[in-house]
Structures are given as C-alpha cells and as structure tokens.
Amino acid sequence: MLAPAAKFLGRLARFHVLFTGFEQGRPASVNRSLRLFVRGETAATFRPMTLAAEQPLLAARLAGALRRAGADTMFGLPGGGPNLDVVGAALAEGMRFVLAHGETAAAIMAGTYGRITGQPAPVVVTRGPGAASVVNGTAQATLDRYPVVVITDTVPASQSARVPHQRLDQRAMMAPVAALSTTVSDASRTEDLEASIAMAVAWPSGAVHLDFDPSGPMQPVPTAGPSSVASDTAAMVDQARLMISEARQPLVLVGFEAAQWGDQLRSVLEGFGCPVLTTYQAVGSVPTEGAVHAGLFTNGALERPILDQADLIIALGFDEVEPIPTPWSIAAPVVRLSTVPQESPYMPVDADVVAPIETLFELLSPAGFEWPAGAAVRTRQAQREALQTESSGFGPLQLVATALAALPGAVTTTVDAGAHFLAVMPNWRVDAPLRLLISNGLATMGFALPAAIGAALARPHEPVLALTGDGGLSMVLGELETVARLDLPITVLVFNDAALSLIEIKQKERHGGAQAVRYRALDFAAIAAGSGLESTVVTTAEQLAEALADGWDRPRLIDARIDPADYPHLIKATRG
C-alpha cells in the first residue's frame, strides 16, 4: 500500500506547489527531495515535504534579467507551454506583451523599438516553424544593428532522443544570422543570462538567440572575440591628425555607429566646416536641410561629383554593411574613426583609429578648409534636381513631394525596400537620427509596417508614417490588424503599382517577363478597412494632399495608385 499512498501524496504535493505559486503571484519550486517524491519515486526516496527557497524557474529568471537590462516590452507570436511561461513571467515583471501576426514582423517591431529606446527588445516565438519563420527578422536585426533578443521554445534536450516532431537544430539555424546563438537552461547562471542579453545592445548591436530549454546543458558566459585594435593607438591618432590637418577639402562620411553618439555629434560636424554625407541609417545626424549636409552616401552615382572633389575621406562611425556592393573607386585617402575595430576590406584605409568617442571628436577640430561657401547645400540641391523627371503622371516623386508638404511636425517615417525608396531617401527632411528608418544592411521587404508599429510604441502619441510598396505590404498584411488593435497613430501610405518595380527595372530578356514581377491589382484600402483601419484610395496628388490634411492621430491606410514611369530614371540617376 506504500507505493499508491506515495503517488497520492505526490499528486497532492504538486497541487500544493501550483496553488502556492499562483497565490504568491509567481511560480514556486520545491527542493530536490520533494521533486524526487513528486515524480513518483519509491518510498525509499521519500523525505519530509518542504517548500524550497531555490532559484526561481527559468522563465522568471530570464524575464528578470531582461527587465534589469531595461527591457519593458516583449513582442511575439507564442506557441504554448514554455512560450507562455516566458510571456507570463514578463508580465509579472511589469513588461507589456505585443502580439503580432508573424514572427519576422514581431522581430522587426522589437528591433525598431529597441533601436529607438536603446533597450534590448525581446521577441518570443515557438519551436520549429516559429523559429524558422523568425530567421529573416533575426537577420534584419543583426545586419541593421537593431538590439533584439530572440527567445525560442525548443524540443528539450531531455526528450530530444525520442521527439523528432518539430525538432530542428535551432542554434545551428540561427548562428549565421545572430551575434550569439546559445541555450539558456536551469543550469545557466544569472551572469550568463545578463551577459547574453548585453551582447544584443553592445555595438555593433544585433540579434541574440536564446534557445529556451530548462533541461539543457550549461553554456559558458559569452565573451568578445579577438580584437583587431591597432597595438599603437597613439601613433594612429597622430597619423590621422596629420592627414586631417593637411587636407584642404576633406569630406566626412557618417555611418550608423556615429548616429548613436548623441547631440554632440551634430555640433562637432557643423563646427568642423566641411561637407557631410550620411548613410541611409545615419540620416539626420546633421539636419538634412542644414548648411553641412551634402546628401546621402550609397557608393552610387548621385554623390560621386562631391566625392571626386575631396582630397580626404573621413569615415566616421562608418558601418561597411550599408553601401551598395559596388567596388570602392574613390581616389582620396581614407581616415577611419570608430569605437570598434572593423576587419572588412570594403574600403582601403590609410589611418584606422579605434578609440573612445571623445578622442575621435578631438580629431575633428576646425582647420580652415578650402571648400567654397555653400558647397554642401549646392551639392544636395543638384542631387535632388538630378532625380526630377518630366513625367506629368501621379508617380513616386509627386507622392513624396505631396507627403512632405503635409507632414505635421515631429514624425517618424519608416521606409520599405523597393523602388519607391529611391524617391524617398534623397528628398526626405529630418533633423535628428532615427527619424527616418529603413532596412539598409539586410534591405528586406516587409520592414516598413512592423517598424512603424515599433516606432509608434517607442514614441507614444507621436504620428508615424509608413511608406511601403505593394510587394512589401503584401508580406505583412496581418499587421494592419495589429495597428488597429493597438490604436496606433500610424499612417500607412502605399505606393501601389501592382509590381516588383525595382526588380522589373533590372529585368532583361529571358528573365521571365511580366509573370516574374507583376501582380493583379490589390485593393489595399478594402483590406485595411476589413482590418479595422480608416482607408481611402487616391489617384492624384490633390487627392493625396486632401487625405493627409488631417488624421495623423489615428490608424489609417492610403492606397496611392501611382504611375511607375519615374522609376527607371531614378535608379539610373542614383546608381549610374
């Protein structure tokens, strides 16, 4: 009779532990002796039943580590079991949870939120298909330098020998697209959890993947890889200082790393007294309409005239993941200034300074350069004029000009990948970093709408404008409901020409014809209305201006049916 009695007491103990955990508002644990008893061990293993003061359950420990790192919002699409343990633990820590319709969209929301707030942004997804689906969002975070912590449920190590269902080597799958892919388990120390989360934020920011497996093996604390910092930093600083002092027409290329350096960057660059080109992700580091902004750097044709006039290129916080992959053909020598070492051979570097921000700023002292007065402004204006066409239809350039005229003040704009960004990026006006957001490292479609959701949550009560093509929006249509459900002040403006226009421009004979790049026309306004948003269709600039005259405080979609005739000229002018 002893064994049945032990089983009954075990069930009673499990109920008591569960009830006590709910009563206290957090999971409870028991000591090793009780766990053996509850599992149904023989009477020989029985010891007095006591509640233990052991480590909290893994979900609570992970949520606590995230909260201490500054995270206040979790995104995701949970499956069940451990996923919901993590969500529940996050809520118990005072975090909010944002439910998305797709895993990659959830990761983009999280990354954008994290990039704007400076927090590690967690996203939770289920094992197998959930993990596979979040790969693109993980890659976007890593290549675009957005701080995301991707938490995946997984087949537990203790059961992997018998459970092939949804069993993937998720760590191997994530390793190429994440800065770190590791397992967190009951054996993980608190410092292991904290060090893993910290890797997402440290520059270059990116995705950290955590396979959530309480039964998994202990993983070591992640450490930084080998450094390639020059052994004689002082000598490099001296060399850079000499090259800058001898230059007569230096040009600064500002990258995304530098865009994170705060308000002092703007004053240093404006005081330095030479033209500044910014990458797409660093746009706003100096005001786009200011005296030193000479346009954008993509390593394309549009900015080439001023690059050819420079006798020194100063790459300031320049992230080599950003330019288009055309060969470097600029003749001027290069000084690279960064706080982290870079090993990419993309550009030839004559002086490579890796040092604290203060040291880098000291090198950018005014030196009486010989640029003609107004050189940056004239260059920027010439670039915009070169983009103009003689088209009289309602095309992307008219749409952009109309939208710019209607902006209500402080607004965050997100831009999708596609031909439309060729009209947006060189013409858009921003006066601070992270006000114009685009996926530039991965350049993934389907970015603008989920990024707009992340931005709207990060900057509550401020309007957000999502500029997207029909192809990119089609990939994330479910998130229109997310916008409506959260009642976010997002205006989704669709460049709708029923085609993959950027790919169509590149098409040649024997590339598949229209069937490879054209869709049936979609009524995005009707889809948006069915998702709970205000919506309208516009076919002229006048109609768009009227639609944008108000409504910035509520969720809506404007389906702009455009003429794509501008696009071939835009890509030729931009890229040559």
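Tabulated results
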{"quantity": "Under 5 Å, built H, 5+ apart or other chain: amide partners of Thr413", "calculated": "Leu436, Leu437, Leu465"}
{"quantity": "Chymotrypsin sites (Phe, Trp or Tyr not before Pro) restricted to the range 519-576 and DSSP loop, no more than 16 other C-beta within 10 Å", "calculated": "Tyr519"}
{"quantity": "Computed magnitude of the charge dipole of the range 58-212 (debye, nearest 20; Cβ of K, R +1, Cβ of D, E -1)", "calculated": "80"}
{"quantity": "Where only alpha carbons of the range 196-354 are counted, the Rg and the Dmax (Å)", "calculated": "18.0, 63"}
{"quantity": "Cβ-defined net charge surrounding Ala247, 14 Å radius [Lys, Arg +1; Asp, Glu -1]", "calculated": "-2"}
{"quantity": "Theoretical gain in end-to-end length, Glu246 to Arg378 [0.36 nm per residue, Cα-Cα removed]", "calculated": "45.0 nm"}
{"quantity": "Full-extension gain in nm, Ala331 to Leu522, via 0.36 nm per residue minus C-alpha separation", "calculated": "64.0 nm"}
{"quantity": "Ordering of 459-466, 253-260 by burial proxy (mean other Cβ atoms within 10 Å per residue, highest first)", "calculated": "253-260, 459-466"}
{"quantity": "Net lengthening on full extension, Gln309/Ala498 (0.36 nm per residue, minus Cα-Cα)", "calculated": "63.9 nm"}
{"quantity": "Cut-off under 5 Å, modelled amide H: who pairs with Ser181 long-range", "calculated": "His209"}
{"quantity": "Relative contact order, percent, the range 258-356 [alpha-carbon distance under 8 Å, six or more residues apart]", "calculated": "21"}
{"quantity": "Dipole magnitude of the range 363-457 about its Cα centre (Cβ charges: Lys, Arg +1; Asp, Glu -1), debye to nearest 20", "calculated": "120"}
{"quantity": "Unit charges on C-beta of K, R, D, E only; dipole of the range 388-575, Debye", "calculated": "620"}
{"quantity": "Inter-probe distance in nm under a simple model that places probes 7 Å from Cα toward Cβ, at Ser344 and Ser392", "calculated": "4.5"}
{"quantity": "Three-way shape label, the range 58-212, alpha-carbon gyration tensor, a/c 1.5", "calculated": "rounded"}
{"quantity": "Taking the range 58-212 and dividing mean pair separation by its residue count, relative contact order in percent (alpha carbons under 8 Å, at least six apart)", "calculated": "25"}
{"quantity": "Sum of side-chain charges, Thr152 neighbourhood, beta-carbon under 11 Å (Lys, Arg +1; Asp, Glu -1)", "calculated": "-2"}
{"quantity": "Interchain or long-range residues, amide H under 5 Å from Glu534's placed H", "calculated": "Leu557"}
{"quantity": "Taking the range 388-575 and dividing mean pair separation by its residue count, relative contact order in percent (alpha carbons under 8 Å, at least six apart)", "calculated": "28"}
{"quantity": "Packing rank of 134-147, 425-438, where each peptide gets the mean count of other beta carbons within 10 Å, highest leading", "calculated": "134-147, 425-438"}
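None of the figures in this text is laboratory data; all of them are computed from the coordinates on show. Computed from a predicted model, the values in this text were never measured in an experiment. Backbone-built Cβ (ideal geometry, glycine too); neighbour counts: all protein chains shown.
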